[in-house]
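Here is the structure we will look at.
The values are calculated or read from the model by the stated rules, or taken from the named source; none is laboratory data. The structure presented is a predicted model; accordingly, all values stated were derived computationally and were not measured. Neighbour counts run over all protein chains shown; Cβ positions are idealised from the backbone, glycine included. What goes into the accessible areas is simple: the full protein's heavy atoms, side chains included, and nothing from ligands, DNA or RNA. Shrake-Rupley method; radii C 1.70, N 1.55, O 1.52, S 1.80 Å.
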Amino acid sequence: AAQLLSWVDARWIATVSFVAFIVSYFMRAGYTDTASFWDYVIPLLVQGIAVGTFFVALVSISLSGIPPERIPSASGISNFARITAGAFAASITTTFWDRREALHQSRLADTSTAYNPALQQALERLHHLGLSDLQAYALLARGLTGQAYLLSSLDLFWISGVISVVLVGAVWMARRTIGSSGPVSAD
């Protein structure tokens, strides 16, 4: 990716990266509780393409047009902004994931009443396996929580995919970087 920057505009490389992120996120948005090993591996391979090109393009775009003597300062500010934004994003994402899990768990629990035939069948099967009422309900509650976290994760992947679509447009607001061999070191 770094060698491509000498003859390809970094915005194109960033666009390829975001498209790979988009594909990876939307592939993950289709996860089920019965997903196979390859259902998890393929989106990670696609994301590997995205990560492999993203940071090189990001650094090239952010340092484009900076005079050589100011590159260390610009690089430091860029790294500070990236790390700070990553910290905020981790906090926001974790909070969103947990809150969406609570919402999905509440909605799933609303449909799991004593009058629900599916719940009654599940309880009967668990009783036939030798579980007491308390154990059966605990096992079902654990499954419900797992489903709620899965649904919350799917929400997060959809939102991440949509944000990545928007960010493709943001990349094209940056300055053109073709012809430079990347950032110049400040000697």
With an 8 Å cut-off on Cα pairs and a minimum separation of 6 or more residues, tell me the relative contact order of region 60-184 in percent.
-> 45 percent
Accessible solvent surface per residue of region 1-141, calculated while the other protein chains remain in place, 1.4 angstrom probe, Å² | 65 Å²
Separation between the residue 142 and residue 127 pseudo-spin-labels, each 7 Å from Cα along Cα→Cβ, expressed in nm?
-> 2.1 nm
Any idea what angle helix 71-111 forms with the longest principal axis of the chain, computed on alpha-carbon atoms, 0 to 90 degrees, nearest 10?
-> 20 degrees
With residue 107 itself left out, Lys, Arg at +1 and Asp, Glu at -1 over residues whose Cβ is under 14 Å from its Cβ give -1
What is the dipole size for region 1-126, taken about its Cα centre, with +1 at each Lys and Arg Cβ and -1 at each Asp and Glu Cβ, in debye to the nearest 20?
-> 240 debye
Selection from 106, 56, 117 lying farthest towards where the dipole of region 43-143 points positive, charges on Cβ | 56
Between the helical axis of 10-28 and the dominant principal axis of the chain, each derived from Cα atoms, what acute angle in degrees is found, rounded to the nearest 10?
-> 0 degrees
So for the chain, using the alpha carbon gyration tensor with a ≥ b ≥ c as root eigenvalues (a/c under 1.5 gives rounded; past that, a/b versus b/c decides prolate or oblate), I'd call it prolate
By how many degrees, 0 to 90 and rounded to 10, does the Cα axis of helix 117-128 deviate from the longest principal axis of the chain?
-> 70 degrees
